[in-house]
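A.B. asks: Pasting in a structure now, in structure tokens, and then I'll have a few things to ask.
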Amino acid sequence: MKDSLSQLVDKFSDLKILVLGDFLLDQFVFGEISRVSREAPVLILKYQNTHSVPGGGANTVANVESLGAKAIPLGFVGDDEPADLLFSSWPEGLEKRYVFRGSEFQTNRKARILAGSFHSFRQQVVRMDYEHPFFLEEHHERKLLQCLSDLIPQVDTVILSDYSLGNINSRVRESVLALAAQHGKIIVVDSRDSPDLHKGATSITPNITEIEAALSIQIGKDLSLLEEVGSRLLQEWQLQALLVTRGKLGMSLFVKDGITHIPIYGTDEVADVTGAGDTVTATYTTALAAGGSFQQAARLANCAGGIVVMKRGTATVSQAELRQAVEDHP
């Protein structure tokens, strides 16, 4: 198993992956606690610095690149300062010509405020989401559909990173699923709110909370209920595989031939789960593109998820880190 997984990781550098989705900017605003305000029972933070990194679908792109594959991002962002920061935070050499900037859009971003004293780790105290959902006009749709028609035959696989912010509307969704099927391409979906709208994809990678929200049920640690629900969704959503991430409980992979429960890699004493789902989707898809089975891809994604949650903030996993994790993991 170790040898086969290592061989898969070695193939990553030969791959080209299209990422269509909502590209966000993640910002981490650091401050040092100075005192309690006399105006209200709140802490006063002395501003120190702001760190900007790719978020959402943009983080999926960064992870694909970090794993050694070539990512091609496709979508719209604003013609604004957050877009400037996003572009500069992406890996050097990333092909950005299919990320279209428009003054009619605003780039979505999340700002996390972290506080602490000079001798301690900064802890997140609040998050502000600057969400500006897009409405794609007909000419925007035509542009995306033309790019999809041109790009899908050229790539090894497709990722849809849907944060319900507008880049993937019903027409775009239907077209990318049809084109992927037509050209025999693997398509993996990471959808924050609507996994059920992507019937016919190769695989979907929701977390357990997203499954519960989609079905209006509570699963929690009930493994038998999860198995019943996952097996049913695999058929209803017309998937080849369903990979459910379950936080410190690991992952559960549903395929036609059975169910595989994968315990977490590393420790459950995580540092930060921010962006871990993007890392899982990027690794899982890249491994499938390299010719791995769903089980192999899920195990590599599990290792990558275990690595990235031990890093603070929105982070990526490198090809070398993943290869080492395979060697170390029993």
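A.B. asks: Quote to one decimal, in nm, the extra length available between LEU223 and SER164 on full extension: 0.36 nm per residue of separation minus the C-alpha distance between them. Can you show the working numbers first?
C.D. replies: Details: separation 59, 0.36 × 59 = 21.24 nm, distance 2.89 nm.
Additional length available on full extension: 18.3 nm.
A.B. asks: For the pair ARG97 and TYR130, what calculated FRET efficiency results from E = 1/(1 + (r/R0)^6), where r is the Cβ-Cβ distance and R0 = 30 Å, to the nearest 0.05?
C.D. replies: On the way: r = 26 Å, r/R0 = 0.85.
Efficiency, rounded to the nearest 0.05: 0.70.
A.B. asks: Pull up the DSSP beta bridges for the range 131-278 and report the antiparallel fraction as a percent, rounded to 5.
C.D. replies: Values: 10 of 21 bridges.
Given both bridge residues lie in the range 131-278, the antiparallel proportion sits at roughly 50 percent.
A.B. asks: Separate question: How long is the gain from LEU215 to GLN238 if the chain were fully straight, where each residue apart is worth 0.36 nm and the alpha carbon distance is subtracted?
C.D. replies: Between LEU215 and GLN238, full extension yields an extra 6.6 nm.
A.B. asks: Charges at C-beta only: +1 for Lys and Arg, -1 for Asp and Glu. How large is the resulting dipole of the chain about its Cα centre, in Debye rounded to 20?
C.D. replies: Numbers: 31 positive and 41 negative charges, 83 e Å.
Dipole size: approximately 400 debye.
A.B. asks: Could you tell me the extents of the range 129-181's C-alpha atoms along the three principal axes, largest first, rounded to whole Å?
C.D. replies: Extents along the principal axes: 35, 23, 15 Å.
A.B. asks: Report the gain in length on full extension from ARG38 to ASP10: 0.36 nm times residue separation, minus Cα-Cα distance, nm rounded to one decimal.
C.D. replies: Details: separation 28, 0.36 × 28 = 10.08 nm, distance 5.81 nm.
Answer, rounded to one decimal: 4.3 nm.
A.B. asks: Given Cα pairs under 8 Å that are at least 6 residues apart, what percent is the relative contact order of the chain? Walk me through the intermediate numbers first.
C.D. replies: Details: 698 pairs, mean separation 61.7, N = 330.
So the answer I get is 19 percent.
A.B. asks: Would you please name the GluC sites (Glu not before Pro) within the range 1-65 that are DSSP coil residues with at most 14 other C-beta atoms within 10 Å of their C-beta?
C.D. replies: Here the sparse-neighbourhood loop sites are GLU39.
A.B. asks: Give me the net charge of SER191's neighbourhood, meaning all other residues with Cβ under 9 Å from the Cβ of SER191; Lys, Arg count +1, Asp, Glu -1.
C.D. replies: -4
A.B. asks: Measure of size requested: the Rg and Dmax of the chain, with Cα atoms as the atom set and Å as the unit; please supply both.
C.D. replies: Here Rg and the maximum Cα pair distance are 19.8, 65 Å.
A.B. asks: Same structure again: Output ³J(HN,Hα) for the range 220-235: one whole-Hz value per residue in order, computed from phi by the Karplus curve 6.51 cos²θ - 1.76 cosθ + 1.60 with θ = phi - 60°, and x for Gly and Pro.
C.D. replies: Couplings: x, 9, 6, 5, 5, 5, 4, 5, 5, 5, x, 5, 5, 5, 4, 7 Hz.
A.B. asks: Next question, about the same structure. When a/c is below 1.5 the answer is rounded, else prolate if a/b is larger than b/c, else oblate, so apply that to the range 1-132 with a ≥ b ≥ c taken from the square roots of the Cα gyration tensor eigenvalues.
C.D. replies: oblate
A.B. asks: What's the longest piece of the chain with no exposed chymotrypsin sites (Phe, Trp or Tyr not before Pro), counting a site as exposed if DSSP puts it in a loop and it has at most 11 other beta carbons within 10 Å? Intermediate values should be presented prior to the final figure.
C.D. replies: Working: sites that count: PHE118, PHE121, PHE135.
Longest gap between qualifying sites, sites excluded: 136-330.
A.B. asks: Still on this structure, I have one more. Loop-only trypsin sites (Lys or Arg not before Pro) in the range 38-94, please: DSSP not H, G, I, E or B, and at most 15 other Cβ atoms within 10 Å.
C.D. replies: Qualifying residues, ordered by number: ARG38.
FYI, it's all coordinate maths here, none of it is from the lab. Please read all numbers here as calculations on a predicted model, not as lab measurements. Cβ atoms come from the backbone with ideal geometry, glycine included; neighbour counts cover every protein chain shown.
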